[in-house]
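As C-alpha cells, the structure follows; a few thoughts come after it.
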Amino acid sequence: MINSSDFTIMGVGGAGCRFLNTLSKTPGAERLRLLALDTDRESLVNSGLPPENTLLAGENWRLGKGCGGNVSDGRSAIGNARNGIDSLLGNTKMLMVVGGLGGGTGSGGIATVLSIGAKKQIPTLALVTLPFSHEGDQRRQIASSALEKTIFDVANAVIALPNDLLFSSLSPTAPIAEAYKLADEQIARTALALSAQLCAGNLLNADFTTFSNMLMQEKSRCAVGVGVVRRENGTLRPETAIENMLSSPLLGGCSNLQTADAVIFNILGGPSLSIGDVQTIFGKSVDFIRQETQILTSAATSPEWEDMIQFTALAIKYKQPLKPQAENKHSGVSPREVTESLFSSNAMEQPALPFVPVSKGIMESTLKVIWQGKDLDIPTYIRDEISIDSGKIISKNVKPGN
C-alpha cells in the first residue's frame, strides 16, 4: 500500500481541470498530489492549482487556446508534452487520471498520460465521464472511441460514468449549469474516496490488484453513489449516509446497485468513527445488492472528516456475464466465495494471470497497422478474445492420468 502523499490525481482537459478545482476544496484532498494538464491556458488557471502543478501542452502551436474539440490535435499536443508530463509525475507511486470524454484534449490525451504512467511502472486508474445525450452523436462517438480503443488498453482500471445518470435525479427544468456542478462534485468526492480506499494507514484497505481486476473484467460500465451526512445536534446518523448515497445523482437509481455484478464500498469518517457505524453502513447496504454480487469494502478516518461521514458505492456492470472458473468445483458458489478461496493459503489453483497491454511508448501516435480489418498492434489474445489457461498445480502424490 502507498501513502496518500504518493497518490497523484491528474486532471486532463477542461473537465479534468474543473474536477480538480472542486476536489481541491474538499476536506482530505490536501493530502493528495493534484496536477493539471491542458491545452487551454485559462482552464489551467481556473483549476486553482499553483503554476508548478500545471502543464500547458502544445503551447507553441495551440497558443494556449485549446484544441476546439479536435481529438487529433489533442493527441498530438499531449504526445509532444510527454517529457514534461514525465517530469511532472516525478516519483509518484499511484496515478489517477480524471477528465471528461467527448472533447479534444481529454479524448485525445488521457490514454497518452496513462501510457506514460505504465512506462514508469505506476499503477494507473482512469476516472472519466461520458457526454450528455444532448451534446450530440459526434461527442458520444468520440468518447466511445477513446474509451474502447485506447483508454481500456492502457489503464490498470477504468471507471466511466455517463453524465446522463444525472437526469434521474434532476428536474427537467433544472439549469444545465447545475447538472455540471453536481457532476463535478460527485467526481471529486469519488476520486477522494478511491484514493482513500487504496492508500495505507486506513482502517480497511483495498488491494489494488483485486480492485483493478474487478473493474477490468469484460470492460465494465459503472455508476457511483456518494452520500454525505454531518453531525446535527450532537448526533451523527450513519443510516442517513446510506439514504443520501441511494439518491446520489451519478448512481442513476437504486436499480443500478441491484443489478450490479460487483460493488466497491468505501466509508470516510473522523477519528471518532466507530466500528458500530462501519458495521451498520456495510450491514444495511448489502440489502440493496444481490447475493452473488462481488463486494470490496474499505474504510478510512482523518481529522478533516470529523463530524461527518461520506459513504461511496461504486456499482459495476460487466458487458457480458463473467466467464466460469477453470474448475467445476466452483459451480453454484457465489463470486465472493470464489474470491475468498483463491486468496486462501490452501488454494491449489493459480488464478488467471492479469495480462495487460503494454504501451507503444513513443510510437503511441503513429498510424495503426490494419490487416483484414484487425489492428495488429493489439495482442492476438485480446484481438481474438482468446482465454488464457490459468493452469493447475498437480500434487506430487497424484500420478499422471489420475
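Ligands, DNA and RNA excluded, the heavy atoms of Ser169 present near 60 Å² of accessible surface to a 1.4 Å solvent probe. Annotation: Glu304 carries an accessible surface of approximately 60 Å², with a 1.4 Å probe and no ligand, DNA or RNA atoms counted.
Between Ser274 and Ser72, the modelled labels are 6.4 nm apart [label points 7 Å from Cα along Cα→Cβ]. Under the classification rounded if a/c is under 1.5, otherwise prolate if a/b is larger than b/c and oblate if not, where does segment 1-148 fall, given a ≥ b ≥ c as square roots of the Cα gyration tensor eigenvalues? Rounded, because the longest to shortest axis ratio a/c is under 1.5.
When you filter the trypsin sites (Lys or Arg not before Pro) in segment 1-58 for DSSP loop state and at most 15 other Cβ atoms inside 10 Å of their Cβ, you are left with Lys25. Taking every alpha-carbon pair under 8 Å whose residues sit at least 6 apart, segment 1-57 reaches a relative contact order of 36 percent.
For the pair Cys254 and Lys317 in one chain, pulling the backbone fully straight at 0.36 nm per residue adds 21.3 nm over the alpha carbon distance. Once you order the gyration tensor axes a ≥ b ≥ c over the Cα atoms, which shape class does segment 70-175 get: rounded for a/c under 1.5, otherwise prolate or oblate by comparing a/b with b/c? In terms of gyration-tensor shape, prolate.
For segment 1-124, relative contact order (Cα pairs under 8 Å, six or more residues apart, normalised by length) works out to 30 percent. The heavy atoms of Asp207 offer some 80 square angstrom of accessible surface to a 1.4 angstrom probe. Using a cut-off of 29 Å between Cα atoms, the listed pairs Lys65/Lys317; Lys25/Lys93; Lys93/Lys149; Lys25/Lys319 include Lys65/Lys317; Lys25/Lys319 as exceeding that distance.
As I understand it, the dipole of segment 1-140 uses +1 on the Cβ of Lys and Arg and -1 on the Cβ of Asp and Glu, about the Cα centre. Which of Leu44, Leu114, Gly69 lies farthest toward its positive end? Result: Leu114.
Just how far, in whole angstrom, is segment 26-66 from segment 205-257 if you go by their alpha carbon centroids? Centre-to-centre (Cα) distance: 28 Å. Compared with the direct C-alpha span, the chain from Glu232 to Ser144 gains 27.3 nm at full extension, assuming 0.36 nm per residue. All other residues whose Cβ lies under 12 angstrom from that of Lys65 are scored, Lys and Arg at +1 and Asp and Glu at -1, for a net of -3.
The values are calculated or read from the model by the stated rules, or taken from the named source; none is laboratory data. Please read these numbers as outputs of a predicted model, since none were measured by experiment. No Cβ is skipped: glycine too gets one built from the backbone with ideal geometry, and neighbour counts run over all protein chains shown. Heads up: the accessible areas ignore ligands, DNA and RNA and are worked out on the full protein's heavy atoms, side chains in. Shrake-Rupley method; radii C 1.70, N 1.55, O 1.52, S 1.80 Å.
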